[in-house]
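Report on the following structure.
The values are calculated or read from the model by the stated rules, or taken from the named source; none is laboratory data. Everything numeric here is computed off the predicted structure, so don't read it as measured data. Neighbour counts run over all protein chains shown; Cβ positions are idealised from the backbone, glycine included.
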Amino acid sequence: MVFLKRFFNFYIFSNLHVSVAAFCLTKLTLLMYHIDENKIPFFVFFATFISYNFIRFYNIDNIKSVTSVWIKSHKSLLISLNFISVLFLLKLTFDLNPKSYILMIPLILGTFFYSVPFLFLRKNLRDITGLKLFLITIIWSAVTVLLPLNNAEISFSSDVWLVFLQRFLFLFAITIPFDIRDIDFDDPKIKTLPQVVGVKNSKFLGSAALLLFFVIEFFKDIELMSSIVITLTISIVSFAFLIFSSNKQSKYYSSFWIETLPIVWFLLVFFTE
């Protein structure tokens with residue numbers, strides 16, 4: 001039992017879980033366009049794992065949670081895993097469509113400067129007032145929608161942009177519980193959504209985003225009843241997690257349960273294909 005708990009904590013706090021979620025969202029996009037491809041999803045998996053650990057390591061002294069304690073006590077293991085992940089990422093990078101490299105540049109810069117300050121601003125993107133939530137959702141949406149489709153040489157039609165907007169709204173809604181969780185720890189200067197409009201209004205905005213997320217399904221080129229039912233199911237479950245989120249949530253509420261939603265969404269689509 002102790003071993004299982006340690007393994008579970010390793011899976012969560014090492015950022016493997018969020019990396020699996022990114023993998024699933026990327027595969028989900030490819031499934032929507034009937035593309036059988038695994039290189040770009042694995043590329044996104046390793047890129048997410050490295051990026052999140054880089055951000056955590058860079059901000060380790062500013063993280064006031066059980067996560068920082070766990071990271072400090074497993075630092076050597078994480079460094080080793082990240083080194084191995086870099087090797088896999090480099091191998092996969094050379095296997096991608098060269099057209100993807102141009103799109104990757106702003107995504108890499110956005111991720112890097114999320115934590116590292118600009119020389120002329122002396123602040124990182126995360127510290128720019130009101131930008132944190134939107135930056136995260138835009139980067140995730142681009143990485144899991146635009147990048148895999150661009151790699152597959154799918155033109156960015158109006159339908160692709162609808163998928164991108166739908167993904168943005170979904171990620172916007174499920175990221176709010178993280179900001180609610182951290183409301184007592186985030187620097188007031190960052191002005192996260194709950195800090196600016198309050199927890200109640202943040203939940204309202206997230207709920208509105210989920211409603212639009214569902215409605216967009218009816219405007220996409222391929223409208224299947226199974227897809228509508230799945231989107232409705234994910235909307236309802238995400239809404240429930242959003243409404244019941246608080247700054248006193250358990251350490252697994254957001255970092256495991258909410259980050260499991262993309263995995264559930266992918267599995268529902270995968271098994272109904």
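The set of residues in the range 1-31 being assigned to a helix (DSSP H, G or I), of a type outside the set (A, V, I, L, M, F, W, C) and farther than 24 Å from Thr231 by Cα consists of Lys5, Arg6, Asn9, Tyr11. From the list Ser238, Ser254, which residue is of a type in the set (Gly, Ala, Ser), under 19 Å from the mean Cα position of the chain (by Cα) and at pLDDT 95 or above? Just a single option satisfies the conditions, and that option is Ser238. Do we find a residue being buried (at least 18 other Cβ atoms within 10 Å of the Cβ) and without any contact (Cβ under 8 Å) to a residue 40 or more places away in the chain anywhere in the range 241-251? No, because not a single residue in the range 241-251 is buried (at least 18 other Cβ atoms within 10 Å of the Cβ) and without any contact (Cβ under 8 Å) to a residue 40 or more places away in the chain. Within the range 31-78, if we keep just the residues that are at pLDDT 90 or above and β-branched (Val, Ile, Thr), the residue that is surrounded by the fewest Cβ atoms within 10 Å (Cβ to Cβ) turns out to be Ile35. Does the range 64-77 contain at least one residue that is closer than 27 Å to Met104 by Cα and in contact (Cβ under 8 Å) with a residue 60 or more places away in the chain? So far as the range 64-77 goes, no, none of its residues is closer than 27 Å to Met104 by Cα and in contact (Cβ under 8 Å) with a residue 60 or more places away in the chain.
For first residues located in the range 97-112 and in contact (Cβ under 8 Å) with a residue 40 or more places away in the chain and over 16 Å from Pro148 (Cβ atoms), partners that are of a type in the set (Ser, Thr, Tyr) and in a helix (DSSP H, G or I) and lie 6+ apart or on another chain with Cβ distances below 7 Å form the pairs Thr111/Ser51. Mind listing just one residue for me: the one in the range 132-142 that is over 14 Å from Pro262 (Cα atoms) and within 12 Å of the chain's Cα centre (by Cα) and, of those, surrounded by the fewest Cβ atoms within 10 Å (Cβ to Cβ)? Per the stated criteria, the residue is Phe134.
Yes or no: Thr231 part of a loop (DSSP other than H, G, I, E, B) and within 20 Å of Tyr33 (Cα to Cα)? Considered against the rule, which asks whether it is part of a loop (DSSP other than H, G, I, E, B) and within 20 Å of Tyr33 (Cα to Cα), Thr231 comes out as no.
Residues of the range 32-60 that are part of a loop (DSSP other than H, G, I, E, B) and closer than 17 Å to Ala142 by Cα: Tyr33 alone. The residues listed here are Ile174, Ile154, Ile180; of these, the one that is within 30 Å of Glu37 (Cα to Cα) and part of a helix (DSSP H, G or I) is Ile174. When Val160, Val145 are screened for being in contact (Cβ under 8 Å) with a residue 40 or more places away in the chain and either in a helix (DSSP H, G or I) or within 15 Å of Thr29 (Cβ to Cβ) (or both), only Val145 passes. Just one of the listed residues (Phe218, Phe156, Phe204, Phe168) is of a type in the set (Phe, Trp, Tyr) and either closer than 22 Å to Ser255 by Cβ or crowded, with 18+ Cβ neighbours inside 10 Å (or both), and it is Phe168. If you go through the range 87-106 and keep only what is closer than 21 Å to Tyr52 by Cβ, part of a helix (DSSP H, G or I) and in contact with a helix residue (DSSP H, G or I) (Cβ under 6 Å, 6 or more places away or on another chain), you end up with Phe88, Leu89, Leu92, Ser100, Leu103.
Looking across the range 135-193, the residues that are under 22 Å from Ile236 (Cβ atoms) and of a type in the set (Val, Ile, Thr) come down to Thr137, Thr144, Val163, Ile174, Thr175, Ile176, Ile180. Somewhere in the range 264-272, is a residue over 22 Å from Ile35 (Cβ atoms) and not hydroxyl-bearing (Ser, Thr, Tyr)? Checked against the condition, which is being over 22 Å from Ile35 (Cβ atoms) and not hydroxyl-bearing (Ser, Thr, Tyr), the range 264-272 yields no hits at all.
Picking from residues in the range 110-131 that are surrounded by 12 or more Cβ atoms within 10 Å (Cβ to Cβ) and among the aliphatic types (A, V, I, L, M), the one that is farthest from Pro188 (Cα to Cα) is Val116. Out of all the residues in the range 89-104, which are touching a Phe, Trp or Tyr at 6+ places or on another chain (Cβ under 8 Å) and crowded, with 16+ Cβ neighbours inside 10 Å? The answer is Leu89, Leu92, Leu96. The number of residues in the range 183-198 that are assigned to a helix (DSSP H, G or I) and buried (at least 18 other Cβ atoms within 10 Å of the Cβ) comes to 3.
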